[in-house]
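Report on the structure given below.
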Amino acid sequence: MYLENLVFDAVDPQRLGRFWEAVVGGERLTDVPEGFETRLAVEGGPVLDLCFQRVAEPAPGPPRLHLDLAGGDRQAEEVERLLGLGARHLYIGQGDVPWVVLADPEGNPCCVMEDRAAYAGTGPVAALPLDSADPERDAAFWSWLTGWTATDGVAPRSLRHPSQRGLLLELCPEQAPKGTAKNRLHLDVRLDAGEDPDDVEARIAERGGRRIHPGWGDLPWRTYLDPSGNEFCVLPVSTSGA
């Protein structure tokens, strides 16, 4: 399996998708009424597709997954660039911190980070912080799920693509247990050729995850919760040869 998508629920997928495409310098993949996709590729590292799917309204509550953007020594200029694209300043109780908290056009928080050695070579997205009830346990789960490996970082546990390039997946202590509302952002992994979806499902359960049936109709992928209750999808083997 490998990590393929970062998926946003969006009231207006085109507006939100074009914003994030401009933020990360993405390559347009799809632009249709019900969705928008753009590709973030890090040279010598991972490829991650940012996918925006239409919902009637985004889920309430604080996010459990968000984007930290690389600011570095150009943090102030990057903040101004994002504000010009349609972001706004956001206060979430962060106090006096060296990073800058913004909201995208649909209110999803994101942070523009100061210079950190751990974020060298990440590209425009420094990290994806994910709330976790047990960062050590969940790091092992997500490492198995994606093939990403442990790396030094600022979170209790951080994972990175085996190339050691591109963004970090950071497992961060949750402020409160996951409720019943669906996360606004979630991750998708895709099966490699020869992997059996039923076998993968059994191994997910062995590691503390579980399948859910949200009632979205007959879909080619399966939806799960990680051990801390965060949604993710397992996509079938690609037929495109990609």
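Counting only strands (runs of 3 or more DSSP E) that sit wholly inside region 203-242, those with at least 2 residues that are of a type in the set (Lys, Arg) and modelled with pLDDT of 95 or more are 210-212. In the set (1) buried (at least 17 other Cβ atoms within 10 Å of the Cβ); (2) basic (Lys, Arg); (3) under 28 Å from residue 175 (Cβ atoms), the condition left unmet by residue 222 is number (3). Among the residues of region 192-202, just one is surrounded by 13 or more Cβ atoms within 10 Å (Cβ to Cβ) and not in a helix (DSSP H, G or I), namely 195. Residue 121 meets all of the listed conditions (1) in a loop (DSSP other than H, G, I, E, B); (2) surrounded by 20 or more Cβ atoms within 10 Å (Cβ to Cβ); (3) not polar (S, T, N, Q) but one, namely (2). What are the residues in region 141-154 that are in a loop (DSSP other than H, G, I, E, B) and either closer than 23 Å to residue 50 by Cα or of a type outside the set (A, V, I, L, M) (or both), if any? The answer is 147, 148, 152, 153. Scan region 203-219 for residues that are exposed (fewer than 13 other Cβ atoms within 10 Å of the Cβ) and β-branched (Val, Ile, Thr) and the total you get is 0.
The residue pairs whose first member lies in region 169-191 and is in contact (Cβ under 8 Å) with a residue 40 or more places away in the chain and in a loop (DSSP other than H, G, I, E, B), whose second member is of a type in the set (D, E, K, R) and surrounded by fewer than 21 Cβ atoms within 10 Å (Cβ to Cβ), and whose beta carbons are closer than 7 Å, counting only pairs six or more residues apart or on different chains, are 182/231; 183/231.
Take the conditions (1) among the charged types (D, E, K, R); (2) assigned to a helix (DSSP H, G or I); (3) loosely packed, with under 15 Cβ neighbours inside 10 Å; residue 138 misses just one of them, which is (3).
Listed by first and then second residue, the pairs linking a residue in region 45-69 that is within 17 Å of residue 123 (Cβ to Cβ) to a residue that is at pLDDT 95 or above and small (Gly, Ala, Ser), with Cβ atoms under 7 Å apart and 6 or more places separating them unless they lie on different chains, are 45/163; 45/166; 46/166; 47/41; 50/26; 68/126; 68/127; 69/126. Considering only region 84-132, state which residues are free of Cβ contacts under 8 Å to residues at least 60 places away in the same chain, farther than 25 Å from residue 228 by Cα and not aliphatic (A, V, I, L, M). Selection gives 84, 88, 89, 91, 95, 96, 98, 99, 114, 115, 116, 119. Among the residues of region 10-34, those that are of a type outside the set (A, V, I, L, M, F, W, C) and touching a strand residue (DSSP E or B) at 6+ places or on another chain (Cβ under 6 Å) comprise 13, 14, 17, 21, 26, 27, 28, 30, 34. Once region 133-142 is narrowed to residues that are within 16 Å of the chain's Cα centre (by Cα) and touching a residue at least 40 places away in the same chain (Cβ under 8 Å), the residue that is nearest to residue 70 (Cα to Cα) is 142. Residues in region 143-164 include none that are free of Cβ contacts under 8 Å to residues at least 60 places away in the same chain, under 23 Å from residue 106 (Cβ atoms) and not basic (Lys, Arg). The single condition among (1) of a type outside the set (A, V, I, L, M); (2) out of contact with any Gly (no Cβ under 7 Å at 6 or more places or on another chain); (3) part of a loop (DSSP other than H, G, I, E, B) that residue 111 does not satisfy is (3). Which ones in region 87-98 are surrounded by fewer than 17 Cβ atoms within 10 Å (Cβ to Cβ) and assigned to a loop (DSSP other than H, G, I, E, B)? Selection gives 90, 91, 92, 93, 94, 95, 96, 97, 98.
The values are calculated or read from the model by the stated rules, or taken from the named source; none is laboratory data. The model shown is predicted, which means the values in this text are computed figures rather than measured ones. Positions of Cβ are generated from backbone atoms using ideal geometry, with glycine treated the same way; all protein chains shown enter the neighbour counts.
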